[in-house]
Amino acid sequence: MIHFNIGSNLETNSYSKFDNITIAINLLINSKVKIKKISNFFETPSYPNSKHPRFLNVGVIAEFKGDHNNLMQITKLIEKKIGRIKTIKNNPRVIDIDIIDFKGLVLNSTKLKLPHPKCHLRNFVLFPIFQIDPKWSHPIFKKNAQYLINKLSQKSRIEITRLEKNVNIKL
(Lines give C-alpha, C1' and ligand atoms only; values in the text may rest on other atoms or scores of the structure.)
Protein backbone atom coordinates (compact mmCIF):
# COMPACT_ATOMS: atom_id res chain seq x y z
CA MET A 1 0.00 0.00 0.00
CA ILE A 2 0.92 3.61 -0.52
CA HIS A 3 0.11 6.35 1.96
CA PHE A 4 -0.24 9.98 0.93
CA ASN A 5 -0.90 13.07 2.96
CA ILE A 6 -2.53 15.87 0.99
CA GLY A 7 -2.85 19.35 2.44
CA SER A 8 -3.77 22.92 1.59
CA ASN A 9 -3.71 26.19 3.50
CA LEU A 10 -4.36 28.63 0.66
CA GLU A 11 -7.48 29.20 -1.35
CA THR A 12 -7.31 30.25 -4.98
CA ASN A 13 -9.56 32.75 -6.75
CA SER A 14 -11.82 29.87 -7.78
CA TYR A 15 -11.34 27.12 -5.20
CA SER A 16 -11.41 26.55 -1.47
CA LYS A 17 -8.84 24.49 0.45
CA PHE A 18 -11.38 21.63 0.43
CA ASP A 19 -11.66 21.94 -3.37
CA ASN A 20 -7.87 21.97 -3.85
CA ILE A 21 -7.54 18.65 -2.02
CA THR A 22 -10.48 17.10 -3.88
CA ILE A 23 -9.04 18.21 -7.23
CA ALA A 24 -5.64 16.73 -6.29
CA ILE A 25 -7.25 13.36 -5.49
CA ASN A 26 -9.22 13.40 -8.76
CA LEU A 27 -5.99 14.14 -10.66
CA LEU A 28 -4.28 11.23 -8.89
CA ILE A 29 -7.16 8.99 -9.97
CA ASN A 30 -6.82 10.27 -13.55
CA SER A 31 -3.09 9.38 -13.34
CA LYS A 32 -3.83 5.70 -12.70
CA VAL A 33 -3.48 5.89 -8.92
CA LYS A 34 -6.14 3.62 -7.42
CA ILE A 35 -7.55 5.28 -4.30
CA LYS A 36 -8.61 2.78 -1.64
CA LYS A 37 -9.46 4.98 1.39
CA ILE A 38 -9.57 8.67 2.28
CA SER A 39 -9.69 10.05 5.81
CA ASN A 40 -11.90 12.86 7.01
CA PHE A 41 -10.46 16.34 6.69
CA PHE A 42 -8.26 17.35 9.62
CA GLU A 43 -7.50 20.96 10.49
CA THR A 44 -4.32 22.17 12.19
CA PRO A 45 -2.48 25.42 12.76
CA SER A 46 0.16 26.18 10.17
CA TYR A 47 3.63 25.05 11.21
CA PRO A 48 6.05 26.53 12.15
CA ASN A 49 4.32 29.92 11.75
CA SER A 50 0.85 29.72 13.30
CA LYS A 51 0.06 33.19 11.90
CA HIS A 52 -0.28 31.63 8.44
CA PRO A 53 -3.70 30.26 7.43
CA ARG A 54 -4.76 26.97 9.05
CA PHE A 55 -4.10 23.75 7.15
CA LEU A 56 -6.55 21.15 5.95
CA ASN A 57 -5.13 17.65 5.44
CA VAL A 58 -6.35 14.21 4.49
CA GLY A 59 -4.68 10.84 4.52
CA VAL A 60 -5.05 8.60 1.50
CA ILE A 61 -4.34 4.91 0.95
CA ALA A 62 -3.71 3.97 -2.66
CA GLU A 63 -2.27 1.43 -5.05
CA PHE A 64 -0.04 2.25 -8.00
CA LYS A 65 1.58 -0.04 -10.55
CA GLY A 66 4.54 2.24 -11.32
CA ASP A 67 7.61 2.89 -9.21
CA HIS A 68 8.18 5.56 -6.56
CA ASN A 69 10.04 7.90 -8.96
CA ASN A 70 7.16 7.81 -11.42
CA LEU A 71 4.69 8.50 -8.62
CA MET A 72 6.74 11.42 -7.34
CA GLN A 73 6.78 12.94 -10.85
CA ILE A 74 2.99 12.60 -11.00
CA THR A 75 2.52 14.31 -7.62
CA LYS A 76 4.80 17.23 -8.57
CA LEU A 77 2.95 17.66 -11.87
CA ILE A 78 -0.41 17.69 -10.06
CA GLU A 79 0.84 20.27 -7.55
CA LYS A 80 1.98 22.48 -10.43
CA LYS A 81 -1.31 22.00 -12.31
CA ILE A 82 -3.29 23.11 -9.24
CA GLY A 83 -1.11 26.20 -8.91
CA ARG A 84 1.57 25.42 -6.35
CA ILE A 85 4.53 27.74 -6.65
CA LYS A 86 7.70 26.71 -4.81
CA THR A 87 8.66 29.44 -2.37
CA ILE A 88 10.29 29.51 1.05
CA LYS A 89 10.01 26.24 2.97
CA ASN A 90 6.81 26.02 5.10
CA ASN A 91 5.20 29.02 3.39
CA PRO A 92 1.45 28.78 2.69
CA ARG A 93 0.57 26.71 -0.37
CA VAL A 94 -2.50 25.78 -2.38
CA ILE A 95 -1.57 22.09 -2.37
CA ASP A 96 1.01 19.77 -0.90
CA ILE A 97 1.08 16.08 -1.83
CA ASP A 98 3.48 14.02 0.25
CA ILE A 99 4.22 10.35 -0.27
CA ILE A 100 4.37 9.15 3.33
CA ASP A 101 4.99 5.45 2.70
CA PHE A 102 5.53 3.64 -0.60
CA LYS A 103 4.94 -0.08 0.01
CA GLY A 104 7.24 -0.07 3.06
CA LEU A 105 10.25 1.04 1.01
CA VAL A 106 13.11 2.71 2.88
CA LEU A 107 14.89 5.17 0.58
CA ASN A 108 17.18 8.15 1.14
CA SER A 109 17.92 9.78 -2.19
CA THR A 110 18.35 13.44 -3.01
CA LYS A 111 14.94 13.52 -4.74
CA LEU A 112 12.87 11.41 -2.39
CA LYS A 113 13.09 10.12 1.15
CA LEU A 114 10.86 7.22 2.20
CA PRO A 115 9.15 6.93 4.49
CA HIS A 116 8.60 10.68 4.73
CA PRO A 117 11.37 11.75 7.15
CA LYS A 118 9.11 13.64 9.58
CA CYS A 119 5.89 11.66 9.29
CA HIS A 120 6.29 10.18 12.77
CA LEU A 121 6.38 13.70 14.27
CA ARG A 122 3.36 15.20 12.53
CA ASN A 123 -0.13 15.11 13.96
CA PHE A 124 -1.67 15.92 10.56
CA VAL A 125 -0.08 12.76 9.13
CA LEU A 126 -0.57 10.36 12.04
CA PHE A 127 -4.21 11.09 12.91
CA PRO A 128 -5.48 10.54 9.33
CA ILE A 129 -3.39 7.36 9.00
CA PHE A 130 -4.77 6.07 12.29
CA GLN A 131 -8.31 6.74 11.07
CA ILE A 132 -7.96 4.84 7.77
CA ASP A 133 -5.23 2.30 8.55
CA PRO A 134 -4.80 1.74 12.31
CA LYS A 135 -2.54 -1.27 11.71
CA TRP A 136 -0.04 0.72 9.61
CA SER A 137 3.50 0.43 10.90
CA HIS A 138 6.30 2.91 10.30
CA PRO A 139 8.77 1.15 7.95
CA ILE A 140 11.85 2.16 9.99
CA PHE A 141 10.65 2.40 13.59
CA LYS A 142 8.22 -0.55 13.30
CA LYS A 143 5.70 1.33 15.48
CA ASN A 144 2.02 1.81 14.67
CA ALA A 145 0.21 5.15 14.33
CA GLN A 146 -1.36 4.97 17.80
CA TYR A 147 2.04 4.49 19.44
CA LEU A 148 3.49 7.42 17.46
CA ILE A 149 0.48 9.63 18.30
CA ASN A 150 1.02 8.88 21.98
CA LYS A 151 4.63 10.08 21.62
CA LEU A 152 3.50 13.50 20.30
CA SER A 153 3.43 16.43 22.70
CA GLN A 154 0.16 17.18 24.45
CA LYS A 155 -0.07 20.44 22.46
CA SER A 156 0.32 18.57 19.18
CA ARG A 157 -2.37 16.06 20.15
CA ILE A 158 -4.96 18.70 21.08
CA GLU A 159 -4.37 21.27 18.32
CA ILE A 160 -5.70 18.97 15.58
CA THR A 161 -9.42 18.82 14.76
CA ARG A 162 -11.11 16.04 12.82
CA LEU A 163 -13.81 17.68 10.74
CA GLU A 164 -17.10 15.98 10.00
CA LYS A 165 -16.44 16.53 6.32
CA ASN A 166 -15.15 14.11 3.73
CA VAL A 167 -13.66 14.45 0.28
CA ASN A 168 -16.57 14.34 -2.16
CA ILE A 169 -15.38 11.41 -4.28
CA LYS A 170 -17.04 8.04 -4.81
CA LEU A 171 -14.56 5.22 -4.41
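The values are calculated or read from the model by the stated rules, or taken from the named source; none is laboratory data. Model, not experiment: these values are computed from the prediction. Heads up, the Cβs are rebuilt from the backbone with ideal geometry, glycines too, and the neighbour counts pull from every protein chain shown.
Here are the numbers for the structure shown:
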{"read-out": "Residues satisfying the stated conditions in region 7-52, i.e. farther than 22 Å from GLN131 by Cβ and of a type in the set (Lys, Arg)", "value": "LYS32, LYS51"}
{"read-out": "Of the criteria (1) within 17 Å of ILE99 (Cα to Cα); (2) out of contact with any helix residue (DSSP H, G or I) (no Cβ under 8 Å at 6 or more places or on another chain), which one SER39 fails", "value": "(2)"}
{"read-out": "Residues of region 1-10 classified as surrounded by 15 or more Cβ atoms within 10 Å (Cβ to Cβ) and either in contact with a Pro (Cβ under 6 Å, 6 or more places away or on another chain) or not in a strand (DSSP E or B) (or both), total", "value": "2"}
{"read-out": "Test: residue in region 122-131 that is more than 15 Å from the chain's Cα centre (by Cα) and either surrounded by 13 or more Cβ atoms within 10 Å (Cβ to Cβ) or modelled with pLDDT of 95 or more (or both)", "value": "no"}
{"read-out": "Residue in region 61-101 that is surrounded by the fewest Cβ atoms within 10 Å (Cβ to Cβ), counting only those that are under 13 Å from the mean Cα position of the chain (by Cα) and of a type in the set (Asp, Glu)", "value": "ASP98"}
{"read-out": "Residue in region 23-60 that is surrounded by the fewest Cβ atoms within 10 Å (Cβ to Cβ), counting only those that are under 12 Å from the mean Cα position of the chain (by Cα) and among the small types (Gly, Ala, Ser)", "value": "SER39"}
{"read-out": "Exclusive hit being touching a residue at least 12 places away in the same chain (Cβ under 8 Å) and over 22 Å from PRO115 (Cβ atoms), set THR75, THR22, THR44", "value": "THR22"}
{"read-out": "Sole residue being within 22 Å of PHE102 (Cβ to Cβ), at pLDDT 95 or above and assigned to a strand (DSSP E or B), chosen from ALA24, ALA62", "value": "ALA62"}
{"read-out": "Restricting region 147-171 to residues that are free of Cβ contacts under 8 Å to residues at least 40 places away in the same chain and among the β-branched types (Val, Ile, Thr), the residue that is surrounded by the most Cβ atoms within 10 Å (Cβ to Cβ)", "value": "ILE149"}
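Yes/no per residue for (1) touching a residue at least 60 places away in the same chain (Cβ under 8 Å); (2) in contact with a helix residue (DSSP H, G or I) (Cβ under 9 Å, 6 or more places away or on another chain); (3) closer than 18 Å to ILE35 by Cβ:
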position	(1), (2), (3)
ASN57	yes, yes, yes
ALA62	yes, yes, yes
PHE102	yes, yes, yes
VAL106	no, no, no
PHE124	yes, no, no
ILE132	yes, no, yes
SER137	no, yes, no
ALA145	no, yes, no
